[in-house]
Amino acid sequence: MPPDASDSTIAQLALLARRVEREHKARLAAEVLAEQGLRELYQAQQELRLLVSIADTANHASSITETLRFAVTSICNHTGWEVGHVYLNHQLPAPSPLRSARIWNDNLAPAFAELRDFIEQRRLVANDGWPGRVLAARQPLWIRDLAAERDADCWELRAAGQLRATFAFPVIIGEEVVALLEFSCTRVQDEDASLLSLLSKVGVQLGRAVERKISQDKLLYDATHDALTGLPNRQHFRQLLTQALLQAQQRNTQCAVLFIDLDHFKLVNDSMGHHAGDQLIIHVAQRVRSTLQRLEPIRHPDQYAQTLCGGAVVARLGGDEFTVLLENVTTESVPLQAAEQILELLKQPFLINGQEVYSGASIGIALSAPGYYSGDEILRDADLAMYQAKSRGKSRGKVFDRGMRDQAAKRLTIESDLRRALPRQEFLLNYQPIVALDNGEIIGFEALIRWRRAGVIVPPADFIPIADELGLIIPIGHWVLEEACRTLRDWQQHFPRQQPLTISVNVSPRQFRQPNFVSQVRQALHNAGIEPGALTLEITESATMGNPERAIATLLQLRDLGVKLSIDDFGTGYSSLSYLHRFPLHALKIDRSFIARIDGSFQSFQVVHSIMSLANNLGIAVVAEGIETIEQVGHLRALLCQFGQGYHFSRPLPQADVLQLLTRPVLCLTR
């Protein structure tokens, strides 16, 4: 082989070797790139899996803490770091300092106990330690070695627990940090920019989840709570009651429901306006809630270890109705005691718009018992008991008994018949004479309504309160006014006098507050053709409650019309003497309860004497109601009481009997 051929072969071999080397290096580089790509792909997949799992949990978690707990565990698993912890605003959505949520991923529990106790008692403040620096900057923070950080947060404790590297990131909604997640490990760890970037994304994701949960919680809260008082509403209370009833049956215990209805709420609402009514509702809610806080738990006075009431919830059903749920009740005395305390507190005046307002309440009580299958049933019976309490004089409590259901059915029938009574002309008037006590002369009559229902006379006490609740008292009162004025005209024509007979008509508070009431009185006088001075309108003290200025304006219009005015049942209500002298009154009517005891009760005698003195000072007359004995006549004459009425002189009479009575217009005052 020629020498130049050998050299050529060597050159080719060298070229081939270099080519093989380049290809080998290229393959190695490609393998490195492939491996790096696979690692990055794997890392990206792991990061994506972390983000997806946290997002999925956030979407399905029942609470914010459940989401945060999962996030802490997942991040610890992803990073291999031993300790994770969460600070949280526990007052969301209201701004509040961050405190430990007691959410941990802690694999160093024995060595970490001291630091853990410290953190759980901590109130996180901006720039206080390294978590405080995260809070202030609202940015993630990484510390590669806590031992090297002079101002690191409690580094001594963390070093003693063998914790070295740490990082934390905030969870932000708007401009506010609502949570902070911190993580620590037992080795020095250089900052990982990609991990911090990932955790920033996690922070954003958690912020959205927390914000969404806050919105959901607010929607749920608004749907289950009363907007005015913040108390559970009807729907929520029914759910709580059904749960309590089921638990009581399972545990062989009892629960009780108190149904509270305010006694004078409509009066306040009508006379002072809806804003004042809202304020009253808020104050009532606060008082009832404070009563239950003092009441819970109730313990037996002799056996202090036995709890008689394990829980209490107050709710607003709507309007002026509240309910109370008492759980784990072992005796009937427990709800009775609760009702008494609530009633006592509600009797105290409320300050509304600078004015004292009295309300009071009626409370119905029902205890769970075999036979109740739903919360609605026990709520219904508590409602029935409340109506019984209200019908028996208000400001009292009443425990349900099964006879009340029959009474409720009877009431429904009465309501139905009462709505048709006026068009069917079933109402009639009886008249009781009013007598001058100095000479026994009949000076006029009080018109008293009766209801002839299916041929039977129904007493006013059995239907007037129902008519008032239904609003029927307004058309009924208008009919009474027209009928009484027409009847008086006939009497005056048949029995002419130098001092004409008068007629007194009772006016309900609701009728008195009607904007057109004065014009109705004017029209009734015109229709009957009688002088205004022959008509006396009797209003109760409660009609002037709530808005005395408005009441005074109406009374002045009636006075200018020429009508006489009288306060009925004086001494039984809440009249303010500071307003009484401004009322253009002609008379006070002393309630029969004082007259009935004037013989044997020095206190009742003194009350009547005081009313007489007050009336004399105001220059108005006094009419004593309910006179039944000659001795009562004697006492009243001695006190210089001008007028009286009662069974001693005559029962209320139908119109035909009044004509006969007027043939002898002077009644006996002595034996």
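The values are calculated or read from the model by the stated rules, or taken from the named source; none is laboratory data. Everything numeric here is computed off the predicted structure, so don't read it as measured data. Note: ideal-geometry Cβ built from the backbone for every residue, glycine included; neighbour counts use all protein chains shown. Accessible surface areas use protein heavy atoms only, side chains included; no ligands, DNA or RNA. Shrake-Rupley method; radii C 1.70, N 1.55, O 1.52, S 1.80 Å.
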- For 419-425, 286-292, 476-482, ranked highest to lowest by mean beta-carbon neighbours within 10 Å, the order is 476-482, 286-292, 419-425
- Which listed pairs, of LYS266/LYS589; LYS347/LYS589; LYS398/LYS589; LYS564/LYS589; LYS347/LYS390, have C-alpha distances above 21 Å, in listed order: LYS266/LYS589; LYS347/LYS589; LYS398/LYS589
- Message: Computed from the coordinates I sent, Cα Rg over 2.2 N^0.38 Å equals one of (i) 1.15; (ii) 1.61; (iii) 1.09. Tell me the label.
- Response: (ii)
- Message: Rounded to the nearest percent, how much of the accessible area of the chain (1.4 Å probe, protein heavy atoms only) is carbon and sulfur?
- Response: 51
- Message: Can you give me the angle between helix 473-494 and the longest principal axis of the chain, using Cα atoms only, in degrees from 0 to 90, rounded to the nearest 10?
- Response: 10
- Cβ-based net charge around ASP468, under 13 Å, with every Lys or Arg adding one and every Asp or Glu removing one: 0
- Message: Highest mean first, how do 391-403, 486-498, 430-442 rank when packing is the count of other Cβ atoms within 10 Å averaged over residues?
- Response: 430-442, 391-403, 486-498
- Message: With +1 on the Cβ of every Lys and Arg and -1 on the Cβ of every Asp and Glu, and nothing else charged, how large is the dipole of the chain about its Cα centre, in debye rounded to the nearest 20?
- Response: 1380
- With everything on Cα atoms, drop me the angle between helix 3-60 and the longest principal axis of the chain, reported from 0 to 90° to the nearest 10. 10
- Net charge (Lys, Arg +1; Asp, Glu -1) of residues whose beta-carbon lies under 12 Å from that of ASN547, ASN547 excluded, is 0
- What's the center-to-center distance, using Cα atoms, between the range 595-671 and the range 246-283 in Å? 41
- What percent antiparallel are the DSSP beta bridges of the chain, to the nearest 5? 70
- Using alpha-carbon coordinates, inclination of helix 333-347 to the longest axis of the chain, degrees: 70
- What helix-only [θ] at 222 nm does the chain give? Using -39500 (n - 2.57) per DSSP H run of at least 4, over all residues, to the nearest 500, the answer is -16500 deg cm²/dmol
- Message: Below 15 angstrom from the Cβ of ALA285, what's the summed charge of the other residues (Lys, Arg +1; Asp, Glu -1)?
- Response: -1
- Task: Could you provide, to the nearest whole Å², the per residue accessible area of the chain with probe 1.4 Å?
- Result: 49
